[in-house]
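Following: one structure in structure tokens, then a few remarks.
The values are calculated or read from the model by the stated rules, or taken from the named source; none is laboratory data. Here the structure is a predicted model, which means the values were calculated and not measured. Virtual Cβ from ideal backbone geometry, glycine too; neighbours counted across all protein chains shown. Note: accessible area is taken over every heavy atom of the protein model, side chains too, but ligands, DNA and RNA are not part of it. Shrake-Rupley method; radii C 1.70, N 1.55, O 1.52, S 1.80 Å.
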Amino acid sequence: MNPLYIANYLIFSIFFTLLIMEIGAALLALLSYSNYREKLRRYLLPIWEVNGTFAAFYLVNFEATYPTLLGLAGTIYVLPLLLAGAAFILRSVFLVYAEVIGAGESEQKYMRLYAVCTLVMSFFAISVLGSGLSGIGINVAANSAELLPLILSPFNLLLFLGMVLIAAFLSINYFEVGGRMKYGTPAVFAAIATILLGISQYAPSLFAGIIANIYLLAISLAILAVTLVLQLRKNRYANHLSILWLIMSINLLGIANYPSIFGSQSMLQYVASSAGALPLLVITTVGGAAVALSLAVLIYVSYIRKDVAY
Amino acid sequence: MLVVDFDRFLMGFSLGVHIPLASIGIALPLIVMLAEYLGIRYADRNFMVLAKRLSLALVVLFAIGTASGMLIALNILLLWPKFMQLVAQVAILPFYLETFAFFMETIFLSIYIYSWGKFKNPYVHLISVIPVVVGGFLSGALITMINAFMNTPVGFDIQAYISSGAVTNIQPLAVFTSPSALIELAHVLTTSCFAAIFIFIAYMAYRLLRTQDEQKRNYYIKGLNLLIVVGAVFTVLALVTGIVSIATLVNLQPEKYAAIEGNLYPQTFAPERIGGIPVGNTLQYFIPIPELQSILATGSPSGMVPGLSSYPVDTWPPLIVHLMFDIMVGSGFLVAGILALFVLLILLKRNPYVNRLMLWLMIIAGALAVLILEIGWVMAELGRQPWIIYNVMRVSDAANYSTSVIPITGLILLFYVIAIPLTIVLLRRIFRNRPLEEELKA
């Protein structure tokens, strides 16, 4: 496997996991903000800007990894990406308003607006992902796309529904909503079924990749089973494992899909030249380690009690 | 042609809003750090409150700036796909490194904001803002390197690219040493800090004008003392780097230099032309200062400076850049004059903070600083026209001609039109909900 592809996919999996966790938080903020205000603020406030930075990180890494794909991708996905970008900006704006405005009606109003924008942003972002996997809604040879078939394709809708269900699963457990496991387990199995249905019907090359490497699906399901058992036992590491499960599952999907793009094309034709590969990998490794270390400091500081006044 | 103009307008408008936000993102962490240091060092509550309140403003402006920056990144990819395709192959590393600098800013800003009062030793908290300062300056420097690449492209076989479109002999690290990189990032960073600091000088002067409360006046005066000292340093640095920056254009981008100076023909003993009206391809009705241009550009009155006539007409930048240059330099001297007046009042042992005219001049200086920043960037970008990458790729060759861009333009403009005023209203509400007098007493 191409190392640049692996690095880019690893970054994508973390970015996408963060996105799905935010969809989960947005769902809760939309449906029952007042009941979960403290938990949501404790999770979202230190991390939402990092999520946004991860989006930029993934975008630039993609540009560096697949430079010759940019002309094509920039032209055919111009509309959904700009719409996702606009929603992303509004999501950031409303969340920071809610963060600093102080408790009250305005905060709740801004949190709801944030939640709607997050869902809209995710919808358009996932439509680009779905189209990139399947080739639906685009004509690569003609360098064109049709927005409505692209975003309203059954594949995209199933993919989005699956992501929302996974987000609900993570959210239910992470924020301890409605009792552990009560709705979470059905949600995650419904999500897997929905996504697999979409893939089998509309992304045949990816489905063939999964069938040919069925052990990848088995690994994902095994980790999920362990996660669910830990959750049943109310083990404190269950939530960490569920996040790890999602990151690993996205990567396993990437392995199954390798090296396809747009349904039938090979991604390898777009990968950066060998001259650029080494510095890119070195920067990714060193920079990634620095980011991980910084995040560890952030988590450490968030656990220190506030007891000094100055 | 219409779609290219839309692309151009959208990009220009987005950058016009984003650049002041980005400048604040570079300068404000530095001010927050200095204020907290002074607060700890001299056990001065005024500076601690200043650091805390400015850091709150930083969070909001940083968030809006980040969102706007993400939109700019998308705009570049979507509006100029062929440009981005070449940059991604040849000069992507500064962009990529910038995301890590950005991570450093983001993560440590969170740490800084959410760790007030968490450390027994206050210097530990102060240390947490240092990566935010470093990250801000690094982000600005790395992004400027891409602009330097656009002005003086390196890192690939340019002749082969022009003749066949093939990108060969790629040297991905060359972008860090492009001929204009060093002077450009020195000038961009200093002018960004200069403009952002003067915005806050204007704000503090305005608040000082509006209050009679001694405690509050003391707070604003201390804030202004800090800002004016740092602002004066960056004013000098911006001026020096600006002069060097213009002089380097003589060799690196002679057409841009000639248009900025209003030189139709190359000449020795060239006068500095002040003002003037572009008529066709000539400049008329200007005031000449004999030999000054040659002296500034080459160090000698007999030095030869380039003229537009040496280049094909279709590669001439618009002559309006000359007027922009004059407005920028003239405004810069006005700000420097206001600073000089402030120093003069102090030397005459007069308190500048009780002089209402002086405070109004500080507010005007803030507005001029923003004008200088904006017009400086417009001049620099217009001065490179018709090229997006100098002598390599024209703007018209890089653009996305898909008409689907046009309706989105409205949405993005709407974002800026709504979000920026809303942010200002929100900042007012935040600070109204946290009365200064209570924070000073706490």
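List the pairs whose first member sits in the range B:249-263 and is at pLDDT 90 or above and open to solvent by 10 Å² or more (accessible area, probe 1.4 Å), whose second member is among the basic types (Lys, Arg) and assigned to a helix (DSSP H, G or I), and whose Cβ atoms are under 6 Å apart, counting only residues at least 6 apart or on separate chains?
Close Cβ pairs satisfying both conditions: B:Leu249/B:Lys256.
Is one or more of the residues making up the range B:253-262 touching a Pro at 6+ places or on another chain (Cβ under 8 Å), more than 19 Å from B:Gly376 (Cβ to Cβ), assigned to a helix (DSSP H, G or I) and not basic (Lys, Arg)?
Yes, the range B:253-262 contains at least one residue that is touching a Pro at 6+ places or on another chain (Cβ under 8 Å), more than 19 Å from B:Gly376 (Cβ to Cβ), assigned to a helix (DSSP H, G or I) and not basic (Lys, Arg).
Condition (residue is more than 14 Å from every other protein chain (Cβ to nearest Cβ) and open to solvent by less than 20 Å² (accessible area, probe 1.4 Å)) applied to the range B:416-436: is it met by at least one residue?
yes
This table checks each residue for (1) surrounded by fewer than 21 Cβ atoms within 10 Å (Cβ to Cβ); (2) farther than 19 Å from B:Ala27 by Cβ.
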{"residue": "B:Leu71", "(1), (2)": "no, yes"}
{"residue": "B:Gln89", "(1), (2)": "no, yes"}
{"residue": "B:Leu93", "(1), (2)": "no, yes"}
{"residue": "B:Met104", "(1), (2)": "no, no"}
{"residue": "B:Ile111", "(1), (2)": "no, yes"}
{"residue": "B:Gly117", "(1), (2)": "yes, yes"}
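Given (1) within 14 Å of chain B (Cβ to nearest Cβ); (2) buried (at least 17 other Cβ atoms within 10 Å of the Cβ); (3) over 30 Å from B:Phe119 (Cβ atoms), where does A:Leu298 come up short, assuming only one miss?
So A:Leu298 meets the others, but not (3).
Of the residues that make up the range A:139-149, is at least one of a type outside the set (A, V, I, L, M), in contact (Cβ under 8 Å) with a residue 40 or more places away in the chain and under 14 Å from A:Pro80 (Cβ atoms)?
Checking the range A:139-149: at least one residue is of a type outside the set (A, V, I, L, M), in contact (Cβ under 8 Å) with a residue 40 or more places away in the chain and under 14 Å from A:Pro80 (Cβ atoms).
Among (1) open to solvent by less than 30 Å² (accessible area, probe 1.4 Å); (2) touching a helix residue (DSSP H, G or I) at 6+ places or on another chain (Cβ under 6 Å); (3) part of a helix (DSSP H, G or I), where does B:Glu439 come up short?
Among (1) open to solvent by less than 30 Å² (accessible area, probe 1.4 Å); (2) touching a helix residue (DSSP H, G or I) at 6+ places or on another chain (Cβ under 6 Å); (3) part of a helix (DSSP H, G or I), B:Glu439 violates only (1).
Could you list all residues from the range A:68-100 that are open to solvent by less than 20 Å² (accessible area, probe 1.4 Å) and more than 7 Å from every other protein chain (Cβ to nearest Cβ)?
A:Leu69, A:Ala73, A:Ile76, A:Tyr77, A:Pro80, A:Ala84, A:Ala87, A:Arg91, A:Leu95, A:Ala98
What are the pairs with Cβ atoms under 7 angstrom where one residue, in the range B:58-76, is closer than 13 Å to A:Gly52 by Cβ and the other, located anywhere, is open to solvent by 20 Å² or more (accessible area, probe 1.4 Å) and charged (D, E, K, R)? Sequence gap at least six, or different chains.
From residues that are closer than 13 Å to A:Gly52 by Cβ, there are no pairs.
Can you report the number of residues in the range B:268-321 which are in contact (Cβ under 8 Å) with a residue 40 or more places away in the chain, among the polar types (S, T, N, Q) and open to solvent by 50 Å² or more (accessible area, probe 1.4 Å)?
Residues that pass the stated criteria total 3.
So how many residues does the range A:244-273 have that are more than 21 Å from the chain's Cα centre (by Cα) and not in a helix (DSSP H, G or I)?
Here the count works out to 6.
Which one of the conditions (1) over 21 Å from the mean Cα position of the chain (by Cα); (2) surrounded by 20 or more Cβ atoms within 10 Å (Cβ to Cβ) does B:Leu2 fail to meet, given that it meets all the rest?
Here B:Leu2 meets the rest and fails (2).
Based on what the data block shows, is A:Gln269 more than 28 Å from B:Leu173 (Cα to Cα) and surrounded by fewer than 18 Cβ atoms within 10 Å (Cβ to Cβ)?
No: the conditions fail for A:Gln269.
Filter the range B:329-371 down to the residues that are more than 11 Å from B:Thr235 (Cβ to Cβ), of a type outside the set (A, V, I, L, M) and buried (at least 17 other Cβ atoms within 10 Å of the Cβ) and list them by number.
B:Ser331, B:Phe342, B:Pro352, B:Tyr353, B:Gly366, listed by residue number.
For the range B:128-153, give me the residue count where each residue is in contact (Cβ under 8 Å) with a residue 40 or more places away in the chain and not in a helix (DSSP H, G or I).
Going through the range B:128-153 one residue at a time, the tally reaches 3.
Here is a yes/no grid of residues against (1) surrounded by 15 or more Cβ atoms within 10 Å (Cβ to Cβ); (2) touching a residue at least 24 places away in the same chain (Cβ under 8 Å); (3) more than 21 Å from the chain's Cα centre (by Cα):
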site	(1), (2), (3)
B:Ala205	yes, yes, yes
B:Arg210	no, no, yes
B:Leu224	yes, yes, yes
B:Val233	no, no, no
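I'd like to verify a number: residues in the range A:245-263 that are within 16 Å of A:Ala167 (Cβ to Cβ) and open to solvent by 40 Å² or more (accessible area, probe 1.4 Å), how many?
Result for the range A:245-263: 0.
Would you check which residues across the range A:139-162 are more than 30 Å from A:Tyr183 (Cα to Cα) and either open to solvent by 30 Å² or more (accessible area, probe 1.4 Å) or of a type in the set (Phe, Trp, Tyr) (or both) and list them?
A:Asn139, A:Val140, A:Ala141, A:Ala142, A:Asn143, A:Ser144, A:Ala145, A:Glu146, A:Leu147, A:Leu148, A:Pro149
On the given criteria, is A:Tyr114 crowded, with 23+ Cβ neighbours inside 10 Å and touching a residue at least 40 places away in the same chain (Cβ under 8 Å)?
yes
Conditions tested, residue by residue: (1) in a helix (DSSP H, G or I); (2) away from chain A (no Cβ under 11 Å); (3) under 21 Å from the mean Cα position of the chain (by Cα).
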{"site": "B:Leu30", "(1), (2), (3)": "yes, yes, yes"}
{"site": "B:Glu36", "(1), (2), (3)": "yes, no, no"}
{"site": "B:Met48", "(1), (2), (3)": "yes, no, no"}
{"site": "B:Lys52", "(1), (2), (3)": "yes, no, no"}
{"site": "B:Val59", "(1), (2), (3)": "yes, no, yes"}
{"site": "B:Ser68", "(1), (2), (3)": "yes, no, yes"}
{"site": "B:Asn75", "(1), (2), (3)": "yes, no, yes"}
{"site": "B:Lys82", "(1), (2), (3)": "yes, no, no"}
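Can you confirm whether B:Val188 is in contact with a helix residue (DSSP H, G or I) (Cβ under 7 Å, 6 or more places away or on another chain) and at pLDDT 95 or above?
Answer is yes for this residue.
Scanning for something of a type in the set (Ser, Thr, Tyr) and facing another protein chain (nearest Cβ under 7 Å), does the range B:116-130 turn up at least one residue?
no
Among the candidates A:Leu241, A:Leu216, A:Leu165, which residue alone is within 24 Å of A:Leu31 (Cβ to Cβ), assigned to a helix (DSSP H, G or I) and open to solvent by less than 50 Å² (accessible area, probe 1.4 Å)?
A:Leu165 is the lone residue from the list that is within 24 Å of A:Leu31 (Cβ to Cβ), assigned to a helix (DSSP H, G or I) and open to solvent by less than 50 Å² (accessible area, probe 1.4 Å).
For (1) closer than 25 Å to A:Val291 by Cβ; (2) modelled with pLDDT of 85 or more; (3) at the interface with chain B (Cβ under 10 Å from one of its Cβ atoms), each residue gets a yes or a no:
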position: A:Ile23; (1), (2), (3): yes, yes, no
position: A:Tyr33; (1), (2), (3): no, yes, no
position: A:Ile47; (1), (2), (3): yes, no, yes
position: A:Ala55; (1), (2), (3): yes, yes, yes
position: A:Tyr66; (1), (2), (3): yes, yes, yes
position: A:Val120; (1), (2), (3): no, yes, no
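Can you tell me which residue among B:Ala181, B:Ala196 is farther than 17 Å from B:Ala35 by Cα and either touching a residue at least 24 places away in the same chain (Cβ under 8 Å) or of a type in the set (A, V, I, L, M, F, W, C) (or both)?
The unique qualifying residue is B:Ala181.
Here's the yes/no breakdown for (1) within 8 Å of chain A (Cβ to nearest Cβ); (2) under 21 Å from the mean Cα position of the chain (by Cα):
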| residue | (1), (2) |
| --- | --- |
| B:Pro20 | no, yes |
| B:Gly39 | no, no |
| B:Leu93 | yes, no |
| B:Glu98 | yes, yes |
